[in-house]
Amino acid sequence: MLRPQDTATRERKNLDGVWDFRLDTDGTGHKERWFSAPLAQARPMAVPASFNDLVTDQATRDFFGDIWYQRTVRVPRGWEGERIVVHLESATHRATVWVGDAEVVSHEGGYLPFEADITEHVTPGEEFRLTVCVNNTLSFQSIPPGVIEETVSGPKQRYWHDFFNYAGLHRSVWLSATPTRHLEDVTLVTGFTDDARTTGVIEYTTETVDAGDLGVEVVVRDADGAEVARGTGASGRLEVPNVHAWGLGDGYLYDVEVRLHDGDDLVDSYHVKTGIRTFEIDGQRLLLNGEPVHLQGFGMHEDHVTVGKKHDPALMIRDFELLEWIGANSLRTSHYPYSEDVLDYADAAGVLVIDETPAVGLNMGLGGGIFGSQGYTTYSPETVNEETQRVHADVIRDLIARDKNHPSVVIWSIANEPESETQGAEDYFRPLFDVAREADPTRPVGFVNVMLAPHGKDRVMQFADLVMLNRYYGWYVDTGDLVAAEKNMRTELEAWAGDGKPVIMTEYGADTMPGLHQLPAEPWSEEYQRELLDMHHRVFDDIDAIVGEQMWNFADFATTSGIMRVGGNKKGAFTRDRQPKAVAHLLRERWTRR
Ligand code: GCB
């Protein structure tokens, strides 16, 4: 699947705006065929957006079940003879789509795109009714998992991840036209011919549909539009002389145009922007273009006031401006794949990305106190089981299929803080690492380890190319005692360092109420957050194997309500409206100095 694009042979029409919307509170929508008529009792709803924080009543905000969206769409009259596709960038967590009365696609997974060929259901120049039934219920067979529990006030959705279960159509919806004989996929792998990295290499493979007798041509242009390489054939290897390598803060991109042609006639054209770089693990170092690199930055969230998980270019730009201001060179898409626009931006800005699946909360042990639920076994036939594993494998493949060509993406994280200290964990994860490596043999694969499975107890890290750790010394353990925190953390990190793999601290931090000042510093104060980070940095600087530090979190974010959270998670370096806490200045001093 290729993302819709406007090219010499393709066109797209954006379907964002205000749609009709209705919660299916009685669960009757499918039976009553709500897709087959204008949606009754509809209210207006923004697309894209999470619906949850646009409303004022609790029942709607916390609703789980079927959520219906509908609008009419006119097919551009010039699209006669084209293949017409409806493409949804994100429907959280699953959706079914109808064109008129015809069901055209269903898709599982809330943060990755899907599409349907609707050519036979629509007529250029005419309107059709587009209905999307989004479902946001989490179960033990969804990624992320959840469960519905009966309570005295009725059924409640429970889950084990620490961010609010925002739902809806979170990213753009497109109608697009491609030629019937068309390109279906392009894969690029880049490198250099020589150690001096003067000549770049782009290896490409293409997939086409109904294009047996057509030629494939690939043209590479530099950032000024000058042609620098050209090749023919469905796959090949191109050399780019005097290459401008992609690097940190230097997101130099080449435009790779793939052309399907019938003699002199252009049949299809698709563009992929790529940077030419290598990224590899060498012992305990991460090498970008052969040079050691130290990751500094954040685990983030797609999370904003009012719009929830909506992708919004203005809010994205503010985030990247702050990342640049603070000297960050990397981010993790904690805890799900972000909008592709974010990766495009990271490509162009020269920011490194650890790209994560939505596999978060596969850990019933974490329930104790924090997320409020105990009493389940994580891996069992009734809970996270083979079906969950199959869904998880699909999401790994879909993530890699979507993001494989982004130079910014350097590491795959296949899960965040799963239970990883048991035999069940070992059995569950072993094949998933194979799935990731088969889908992309070029990038390191890892998962993010939780404090409950420290060095010596964890049984999954053996499969990973590198060690990624979330640790809360000085917060969830050794609370308020940074001396003990430092000692304990050093001991654990040194043990991990002894395993010979690079170590990235993918989370560390402390909840902090902006404006709360205390001397001596106490937990929750701005001073304590600074002291805690200072302590961590001192330890990181002493251990060579630590090649990355990503503070938790970039900004404060929404969570479920509970006694552990005050208006959401407050571990941000920035507030939820993207203003710096004191710690942001500390990070800026450290990261702009390096
Ligand atoms: C973690 C999780 C993250 C939480 C964080 C916290 O380890 O990975 O999702 O938000 O801790 O603040 O508790």
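The values are calculated or read from the model by the stated rules, or taken from the named source; none is laboratory data. All values derive from a computational prediction rather than experimental measurement. When we count neighbours, we look across all protein chains shown, and the Cβ atoms used for this are built from the backbone with ideal geometry, even at glycine. The protein model used for the area step is the full one, side chains on, heavy atoms only, and it has no ligands, DNA or RNA in it. Shrake-Rupley method; radii C 1.70, N 1.55, O 1.52, S 1.80 Å.
Quick look at the numbers
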item: Residues located in the range 186-205, provided they are open to solvent by 20 Å² or more (accessible area, probe 1.4 Å) and touching an Asp or Glu at 6+ places or on another chain (Cβ under 7 Å); result: V189, T193, T199
item: Options R490, R471, R530: the member that is under 30 Å from T357 (Cα atoms) and away from the ligand (no atom under 16 Å from the Cβ); result: R490
item: Single residue of L343, L352, L362, L399 found to be within 15 Å of the ligand (Cβ to nearest atom) and buried (at least 21 other Cβ atoms within 10 Å of the Cβ); result: L362
item: Some residue of the range 322-332 being away from the ligand (no atom under 16 Å from the Cβ), under 12 Å from the mean Cα position of the chain (by Cα) and more than 17 Å from D162 (Cβ to Cβ); result: no
item: Enumeration of residues in the range 404-445 that are outside any helix (DSSP H, G or I), more than 14 Å from the ligand (Cβ to nearest atom) and out of contact with any helix residue (DSSP H, G or I) (no Cβ under 7 Å at 6 or more places or on another chain); result: K404, N405, V410, I411, E421, T422, P441, T442, R443, P444
item: Verdict on D465 being within 29 Å of the chain's Cα centre (by Cα), open to solvent by 30 Å² or more (accessible area, probe 1.4 Å) and more than 15 Å from the ligand (Cβ to nearest atom); result: yes
item: Condition broken by D162, with the remaining ones in (1) surrounded by fewer than 23 Cβ atoms within 10 Å (Cβ to Cβ); (2) charged (D, E, K, R); (3) not in a strand (DSSP E or B) satisfied; result: (1)
item: Residue list for the range 452-462, restricted to those being of a type in the set (G, A, S) and open to solvent by 50 Å² or more (accessible area, probe 1.4 Å); result: G456
item: Criterion violated by T306 - all others in (1) surrounded by 18 or more Cβ atoms within 10 Å (Cβ to Cβ); (2) not in a helix (DSSP H, G or I) satisfied; result: (1)
item: Members of the range 23-50 found to be under 23 Å from D312 (Cβ atoms) and either at pLDDT below 95 or assigned to a loop (DSSP other than H, G, I, E, B) (or both), listed by number; result: P48, A49, S50
item: Top-ranked residue in the range 533-566 [being within 14 Å of the ligand (Cβ to nearest atom), assigned to a loop (DSSP other than H, G, I, E, B) and of a type outside the set (A, V, I, L, M); ranked as nearest to V448 (Cα to Cα)]; result: N553
item: Pick from the range 118-171, criterion without any contact (Cβ under 8 Å) to a residue 40 or more places away in the chain and of a type in the set (A, V, I, L, M, F, W, C), ranking: nearest to the ligand (Cβ to nearest atom); result: V152
item: Unique residue being of a type in the set (D, E), in contact with a Phe, Trp or Tyr (Cβ under 9 Å, 6 or more places away or on another chain), surrounded by 15 or more Cβ atoms within 10 Å (Cβ to Cβ) and not in a strand (DSSP E or B) when the list is D53, D20; result: D53
item: Selection from the range 517-538 of residues that are open to solvent by less than 60 Å² (accessible area, probe 1.4 Å) and free of Cβ contacts under 8 Å to residues at least 24 places away in the same chain; result: A521, S525
item: Cross-chain or 6+ apart pairs with Cβ under 7 Å, the range 552-563 first and outside the structural domain of I504 (by TED's automatic domain parsing), then more than 12 Å from the ligand (Cβ to nearest atom); result: none
item: Condition broken by W325, with the remaining ones in (1) surrounded by fewer than 21 Cβ atoms within 10 Å (Cβ to Cβ); (2) aromatic (F, W, Y); (3) part of a strand (DSSP E or B) satisfied; result: (3)
item: Filter pass, D344 being out of contact with any Gly (no Cβ under 7 Å at 6 or more places or on another chain), in contact (Cβ under 8 Å) with a residue 12 or more places away in the chain, of a type in the set (D, E, K, R) and under 24 Å from T92 (Cα atoms); result: yes
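Residues are listed down the side, and each one gets a yes or a no for (1) in the same structural domain as S408 (by TED's automatic domain parsing); (2) of a type in the set (D, E); (3) modelled with pLDDT of 95 or more; (4) assigned to a strand (DSSP E or B):
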residue	(1), (2), (3), (4)
V256	no, no, yes, yes
G297	yes, no, yes, yes
E302	yes, yes, yes, no
H335	yes, no, yes, no
